[in-house]
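The values are calculated or read from the model by the stated rules, or taken from the named source; none is laboratory data. Since the model is a prediction, treat every value here as computed from it, not as a measurement. Ideal geometry is used to build each Cβ from the backbone, glycine not excepted, and the neighbour counts take in all protein chains shown. These accessible areas exclude ligands, DNA and RNA; they are computed on the full protein's heavy atoms, side chains included. Shrake-Rupley method; radii C 1.70, N 1.55, O 1.52, S 1.80 Å.
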Amino acid sequence: MTEIVIQLPGAPQSKGRPRFVRATGHAFTPAKTRSYESMLQGAAIVAMEGRAPLDGPVAVEVLACFPIPASWPRKRREAAMHGQVWPTTKPDADNLLKVLDSMNAVVFHDDKQ
């Protein structure tokens, strides 16, 4: 089994909803999403070390590490550091995984694999 580790520093971001131009009906991806996906794709290219995209079924494990808000009381921050409190705010896991599209043709041929 081939294992590829892709690390991207900073807080995880989810894929933003597409925006529409009212006059033309044209849809576009928000700039913040495009920027994050571009950084993730760059990290994937580095991790692949020139290898071709993977063939066949793949398994993906995502570890998203969120910063602990400074506004939380000390007790709650400490509980979060010890894994007793988890984030329950946006973004949700479903939207976090949508950024896998940025790895198409780099890590795997298509994220449907």
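Summary of values
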item	result
Residues satisfying the stated conditions in the range 34-68, i.e. part of a helix (DSSP H, G or I) and free of Cβ contacts under 8 Å to residues at least 60 places away in the same chain	Arg34, Ser35, Met39, Gly42, Ala43, Val46, Met48
Complete set of residues in the range 20-33 that are in a loop (DSSP other than H, G, I, E, B) and among the small types (Gly, Ala, Ser)	Ala23, Gly25
So Arg17, is it in a loop (DSSP other than H, G, I, E, B), without any contact (Cβ under 8 Å) to a residue 40 or more places away in the chain and more than 21 Å from Lys90 (Cβ to Cβ)	no
Residues within the range 82-104 that are surrounded by 10 or more Cβ atoms within 10 Å (Cβ to Cβ), modelled with pLDDT of 90 or more and either on the phi > 0 side of the Ramachandran plot or part of a loop (DSSP other than H, G, I, E, B) (or both), tallied	1
Candidate set from the range 21-47 (those that are under 12 Å from the mean Cα position of the chain (by Cα) and of a type in the set (A, V, I, L, M, F, W, C)); member that is most open to solvent (accessible area, probe 1.4 Å)	Met39
Hits in the range 48-81 - residues which are under 23 Å from Gly10 (Cβ atoms) and surrounded by fewer than 11 Cβ atoms within 10 Å (Cβ to Cβ)	Glu49, Glu61, Leu63, Cys65, Pro67, Ala70, Ser71, Met81
